[in-house]
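No value in this document is a laboratory result; all are computed from the given coordinates. Note that the structure is predicted; figures quoted are calculated from it, not measured. Every residue, glycine among them, receives a Cβ derived from its backbone with ideal geometry; neighbour counts consider all protein chains shown.
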Amino acid sequence: MDLDKLWPMSPLTRAVALRTRPLAHGFTLIELLVVIAIIAILAGMLLPALAKAKDKGMAAACLSNTKQIGIAIIMYADDNRDVFPNQWWAVGPYRNSRGKNCGGEWQRTPASVLSNYTGAPRIWVCPKKKRGLTYKTEPGNFDPTITGFLSYGFNYLGVFGGDGGQTRAFKSSQVARPTEVVAVTECSGSDNPKEIGGGIGNEKADAAWLDGYWANGSFPNQTAPKGNQNYRFQSQMKKHNQRVNTVFVDGHSAGNKPSRLIWGQFYGIFTGTTIPGANKRWDGPVANATLDAADVPP
């Protein structure tokens, strides 16, 4: 319908109507800045929450790794008359399949034997620590079979290890509290094959052996986060909300603050006062709150 035919408009009226019609316009500079400021404030509020969610996700993925490692240990024991896998430390240097110097943790711990049960070698790499993906010998990302390094260490105090030069034939039935004795847990060290120990072993690049050298050089003998061997476990880098994921002898896994573990859980001793030959109380904590909160590079 043509409205001009029903209500004819004079040229003057039409001009006034056009002049009074509201004109469309964009944002002013001030309005745009206000919107940007609001978005920045909202992003600032959301980023910590997103970072926390990401950290929880990596902690869950790491816990999944340890659960698979626990299952692999039990499966190995079932196939070998309840005897746990074992591989003793040896003096380096170590070389990988590429003929290059590497870490010795893959070759000289039970990790390589357990790989038949765990599958992909990257199961030994914590997604947050990422130790085992790189080594200083050459650039690039690989896996523990090449780098020789692991994100998880073995309890060589009461489960793995050797007696008189012979590897220990450990059975879960030998301990009174298999649900409490530590088998494998997260560890931290360097990825530099040049920092592998010589005659005494167990230096910055030898983190996967949680043994007497580590125990004697860490808490409570050393209380500072950077003191000797605390970095290997107690004050290790990139914990999950101050927690580390741990596999116990019965195969189950859980996240614990290091200070919530006691030395008896590493030695498998829960009686008496002190642990024979260790000068430690069996019920003494492995760490304190200061070490829990610390995040120290090796």
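Listing for the model above:
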item	result
With Cα atoms, 0 to 90° folded angle of helix 11-20 axis to the chain main axis	20
Size descriptor, Kirkwood hydrodynamic radius, that averages inverse alpha-carbon separations across the chain, Å	21.9
Where only C-alpha atoms are counted, convex hull volume of the stretch 60-199 per residue in Å³	114
Residue order, fewest to most beta carbons within 10 Å, for Met45, Met75	Met45, Met75
Sum of side-chain charges, Pro85 neighbourhood, beta-carbon under 13 Å (Lys, Arg +1; Asp, Glu -1)	+1
Helix axis angle, 29-79 relative to the chain longest principal axis, alpha carbon, degrees	30
